[in-house]
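Here is the structure we will look at, set down as structure tokens.
The values are calculated or read from the model by the stated rules, or taken from the named source; none is laboratory data. The shown structure was predicted, so the numbers you read here are calculated from the model rather than taken from an experiment. Every residue, glycine as well, gets a Cβ built from its backbone with ideal geometry; the counts of neighbours run over all protein chains shown. Accessible surface areas use protein heavy atoms only, side chains included; no ligands, DNA or RNA. Shrake-Rupley method; radii C 1.70, N 1.55, O 1.52, S 1.80 Å.
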Amino acid sequence: MVNDLELAIKNADDLKRVDQENKDPLLAQDETKLDLDKESTTTTHTYRLNSKGLVSEELIKDDTVLVVGLGWSLCDSHDNTKLEINKALRKQKLAHPEAAELAAIIHGFESAFELGVKNIQFFCHDSNILAYVTRKATPKESIVAKLLEQVFRLQTRFTSCQALAAVSRDDINSVIMLAKYAIASQTRWCEGDTEYESCPVCYAYVSPNDKFEVRGCFHRIFVTCMRKPFSSEQLLRGNTAICPYPDCENDLVPEDCRGFADANAITLMIQRKKEKAIPIKDRVYCPNPSCSFLMSDLDLVRNNNPQQSEARKCMECGLSFCKKCHVPWHYKKTCDEFKMSESYLKSDAALLESFVKIQGWKKCS
């Protein structure tokens, strides 16, 4: 276990400290000189700050360590990105989700000061943090309250400073990635000339190049362990493929998994994701055995003729079928009439209905 709680990422050059009397020793950092043109320091621009602080329990060799990852970006009023920075901290006092979020805002403010920014809008991705910085709520944790006071002090140094709810998914994802990369940088170590990371699933020491980063949650998993969600048993049982990181519920993106999953597994995975997206009561399968295409009943065109209210047409193969009877459309017969016919009694739908009754199964609702 790493006991010395110190900065894990250091920038190249030291700078003159900004607002030294207001800076908390918890957030002391090395900073990088920002060499920007004079236009960027004018007061006519309103800059936008996006930030994210994350706390992650990471396996480093055989020890479990809490690592704080911070990421922030600053854009001018023309949407030009002026900086993107990330840092990792191993400070136990900051290993609280809300404390990490405020720490990221503080670091972002300090970077803005170095740019000479006078007017700024900063976006909060967490509703609690937005409530705190707009003074609509008070934090219960002492460390969070302490950092919040520092945010308030730093806000007064700007000519204008406005807190807003984050709305841009791209901006949110970019700073989350920065924070995640900061955390990932702390999970590596070297033995001789070889770099290693621990896999949080199998606990093996593996090369960073042999890991796969899951889109959305950004967990880094050994490629061999990534194959487990694609087992035939899992997918055929109706399960969707999710990130194998412990307790993670993030769905895997099929297109991202082609490097370690075969084509049949990918096809089945896409089918499972599609099923999951359609409510059970709206799921309709084409009765054509060579098709079996899944559709949402809400997307299918309905016939205005009352006698054909159950008629549907497969969007894949074009077969006209009866949604109620699960067979090709029975022309000139109502559903009740068709179910009395020999054609229905010999159909797969009738055999299935009979089997369901014998087993005492109930239809999903």
Do we find that D348 is at pLDDT 80 or above, of a type in the set (D, E) and loosely packed, with under 15 Cβ neighbours inside 10 Å in this structure? no
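Checking the structure you have, find out if any residue of segment 139-157 is touching a strand residue (DSSP E or B) at 6+ places or on another chain (Cβ under 7 Å) and open to solvent by 30 Å² or more (accessible area, probe 1.4 Å). Walk me through it before giving the result.
Of segment 139-157, the ones touching a strand residue (DSSP E or B) at 6+ places or on another chain (Cβ under 7 Å) are 155.
Remaining after also requiring open to solvent by 30 Å² or more (accessible area, probe 1.4 Å): 155.
Yes, because at least one residue in segment 139-157 is touching a strand residue (DSSP E or B) at 6+ places or on another chain (Cβ under 7 Å) and open to solvent by 30 Å² or more (accessible area, probe 1.4 Å).
Just to verify a result, which residue in segment 264-299, among those that are aliphatic (A, V, I, L, M) and open to solvent by 70 Å² or more (accessible area, probe 1.4 Å), is nearest to V214 (Cα to Cα)? Steps first, please.
Step one: list which residues in segment 264-299 are aliphatic (A, V, I, L, M), which gives 265-266, 268-270, 277-278, 280, 284, 294-295, 298.
Checking the rest, the ones that are also open to solvent by 70 Å² or more (accessible area, probe 1.4 Å) come to 270, 277, 280, 298.
Numbers: I270: 16, A277: 20, I280: 28, L298: 32 Å.
So, considering only residues that are aliphatic (A, V, I, L, M) and open to solvent by 70 Å² or more (accessible area, probe 1.4 Å), the one nearest to V214 (Cα to Cα) is I270.
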Look through segment 173-188, keep the residues that are more than 16 Å from the chain's Cα centre (by Cα) and of a type outside the set (A, V, I, L, M), and return whichever of them is farthest from L59 (Cα to Cα). S185
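Tally up the residues in segment 89-120 that are within 19 Å of E58 (Cβ to Cβ) and among the small types (G, A, S), please.
5
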Is at least one residue of segment 145-165 out of contact with any Asp or Glu (no Cβ under 8 Å at 6 or more places or on another chain), under 30 Å from D79 (Cβ atoms), without any contact (Cβ under 8 Å) to a residue 60 or more places away in the chain and of a type in the set (G, A, S)? yes
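Let's see how each residue does on (1) open to solvent by less than 30 Å² (accessible area, probe 1.4 Å); (2) modelled with pLDDT of 95 or more; (3) more than 18 Å from L147 (Cβ to Cβ):
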position: S77; (1), (2), (3): no, no, yes
position: N80; (1), (2), (3): no, no, yes
position: K91; (1), (2), (3): no, no, no
position: A99; (1), (2), (3): yes, no, no
position: F109; (1), (2), (3): yes, yes, no
Quick one: in segment 287-324, of everything that is assigned to a loop (DSSP other than H, G, I, E, B), under 39 Å from the mean Cα position of the chain (by Cα) and among the hydroxyl-bearing types (S, T, Y), which residue is modelled with the lowest pLDDT? S292
Can you tell me which condition H125 does not meet? The list is (1) modelled with pLDDT under 90; (2) surrounded by 18 or more Cβ atoms within 10 Å (Cβ to Cβ); (3) within 30 Å of W189 (Cα to Cα), and all the others hold. (3)
For segment 111-122, give me the residue count where each residue is open to solvent by 10 Å² or more (accessible area, probe 1.4 Å) and of a type outside the set (D, E, K, R). 5
Counting only helices (runs of 4 or more DSSP H) wholly inside segment 84-176, the ones holding at least 3 residues that are among the small types (G, A, S) are 97-115
Odd one out for K332 among (1) at positive phi; (2) open to solvent by less than 100 Å² (accessible area, probe 1.4 Å): (2)
Residues satisfying the stated conditions in segment 37-57, i.e. under 30 Å from S185 (Cα atoms) and either at pLDDT 85 or above or buried (at least 20 other Cβ atoms within 10 Å of the Cβ) (or both): Y47, R48, L49, N50, S51, K52, G53, L54, V55, S56
